[in-house]
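Notes follow the structure.
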Amino acid sequence: IWEPITEELRDHFVTKGPACCQNNDGKFKASARIYKQSLSGNKNIKRMLTSNVFFRVFRNGEKVHWEWLLYSPSTGSVDCFACKLFCSVNSKTNSFSKSGFND
């Protein structure tokens, strides 16, 4: 729903900051993926995003909130806030700026 990113939209989200569109409330249904356990196995494994991805815990125990990371309920992927706003026009290969990351 980000496209096209106009200067007005960019200014709006820079003013609001990434928290307004982070969607880190734990409702990650669209991110669910089904994988086969092994090539010969019949059992499937369901994996999906968890709220842990929005934090980084350092060796000293410090827990840092990654405010720049956004979850898109419409695509089930995560995006970089700055990449979405500033790189999408010029980048064709950066997944964070185009379609997000969902693997």
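Can you pull the accessible area of T15 for me, 1.4 Å probe, Å² to the nearest 10?
About 120 Å², rounded to the nearest 10.
Compare R10, R59, R47 by solvent-accessible area with a 1.4 Å probe and give them largest first, with all protein chains kept in place. Mind showing how you got there, number by number?
Details: R10 30, R59 245, R47 145 Å².
Accessible-area ranking of R10, R59, R47, largest first: R59, R47, R10.
With every protein chain left in place and a probe of 1.4 Å, what is the accessible surface of K43, to the nearest 10 Å²?
The accessible area comes out at roughly 130 Å².
Which percent of the accessible heavy-atom area of segment 7-86 goes to carbon and sulfur, probe 1.4 angstrom? Present the calculation step by step, with values, prior to reporting the outcome.
Values: 3010 of 5740 Å².
Exposed carbon and sulfur together represent 52 percent of the surface.
Mind checking the alpha-carbon convex hull of segment 7-86 and giving the volume per residue in Å³? Intermediate results must be reported in sequence, preceding the final value.
Numbers: hull volume 11.2 nm³, N = 80.
Expressed per residue, the convex hull around the Cα atoms of segment 7-86 is 140 Å³.
If you roll a 1.4 Å probe over the heavy atoms of the protein chains, what accessible area per residue do you get for segment 7-86, in Å²? Present the calculation step by step, with values, prior to reporting the outcome.
On the way: 5740 Å² over 80 residues.
Counting only protein heavy atoms, the per-residue value for segment 7-86 is 72 Å².
The values are calculated or read from the model by the stated rules, or taken from the named source; none is laboratory data. Note that the structure is predicted; figures quoted are calculated from it, not measured. Ligands, DNA and RNA are excluded from the accessible area calculation, which covers all protein heavy atoms including side chains. Shrake-Rupley method; radii C 1.70, N 1.55, O 1.52, S 1.80 Å.
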